[in-house]
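K.L.:
Structure below; questions to follow.
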Amino acid sequence: MGHANDIHVHLVNSSSKPVVIRDANLDWGKFYRGGDDYTEIYPSNVNGRVVEPGATRIVYACGASGALAGTEGGFNVVDNISSNQITKIYWDVPWRGRNTFSTTNGIRWDGGTPNAEGMGDVYVRFY
């Protein structure tokens, strides 16, 4: 049931500095290893992931198997050198209803499907 309510957050680092994921959390659902939504990973496996300049890293989340709920959560992206926060990423991909996605500090994003069963691919770019 919940597996279809997925989101793939592509962190595209076009800046000259590495960025890192911190404070990953989920109110609903689970993080999973790309390509295999049955292999759950913990927020601690998401935290600390570095996105080097010129690289892209994807964070995958979906609803838990058998749950009548989607996924809701987020994480911070920080400068890996200064530890300054670049943005806070948040999503809510419910089992039913409209999907939402947001970033802070003027960081832009594109992609995703607000009215579908899952949000799909969302691209967040850092310059």
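The values are calculated or read from the model by the stated rules, or taken from the named source; none is laboratory data. All of these numbers come straight from a predicted model, not from anything done at the bench. Counting neighbours? That spans all protein chains shown, and the Cβs are built from the backbone with ideal geometry, glycine included.
Residues checked against (1) buried (at least 17 other Cβ atoms within 10 Å of the Cβ); (2) more than 15 Å from the chain's Cα centre (by Cα); (3) of a type in the set (A, V, I, L, M, F, W, C):
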site	(1), (2), (3)
SER15	no, yes, no
LEU26	yes, no, yes
TYR38	no, yes, no
ASN45	no, no, no
GLY54	no, yes, no
VAL59	yes, no, yes
CYS62	yes, no, yes
ASN84	no, yes, no
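K.L.:
If you don't mind, another one. Could you please let me know if VAL78 is under 12 Å from the mean Cα position of the chain (by Cα) and buried (at least 16 other Cβ atoms within 10 Å of the Cβ)?
P.N.:
Spelling it out, it is not the case that VAL78 is under 12 Å from the mean Cα position of the chain (by Cα) and buried (at least 16 other Cβ atoms within 10 Å of the Cβ).
K.L.:
Residues that are of a type outside the set (D, E, K, R) and touching a residue at least 24 places away in the same chain (Cβ under 8 Å): list the strands (runs of 3 or more DSSP E) wholly contained in region 46-127 that include at least 2 such residues.
P.N.:
Result: 56-62, 71-79, 85-93, 120-126.
K.L.:
For region 96-111, what are the residues that are touching a Gly at 6+ places or on another chain (Cβ under 9 Å) and modelled with pLDDT under 95?
P.N.:
ARG96, GLY97
K.L.:
A further question follows. Check LYS88 against each of (1) under 13 Å from the mean Cα position of the chain (by Cα); (2) under 16 Å from HIS10 (Cβ atoms) and name the one condition it does not meet.
P.N.:
(2)
K.L.:
Among the residues of region 91-108, which ones are under 18 Å from ARG22 (Cβ atoms) and either of a type in the set (A, V, I, L, M, F, W, C) or under 10 Å from the mean Cα position of the chain (by Cα) (or both)?
P.N.:
Those that are under 18 Å from ARG22 (Cβ atoms) and either of a type in the set (A, V, I, L, M, F, W, C) or under 10 Å from the mean Cα position of the chain (by Cα) (or both): TRP91, ILE107.
K.L.:
Something else about it: Quick one: in region 1-40, which of the residues that are among the hydroxyl-bearing types (Ser, Thr, Tyr) and out of contact with any Pro (no Cβ under 9 Å at 6 or more places or on another chain) is nearest to ARG125 (Cα to Cα)?
P.N.:
TYR32
K.L.:
If I go through region 87-100 residue by residue, how many of them are of a type in the set (A, V, I, L, M, F, W, C) and surrounded by fewer than 20 Cβ atoms within 10 Å (Cβ to Cβ)?
P.N.:
Selection size over region 87-100: 1.
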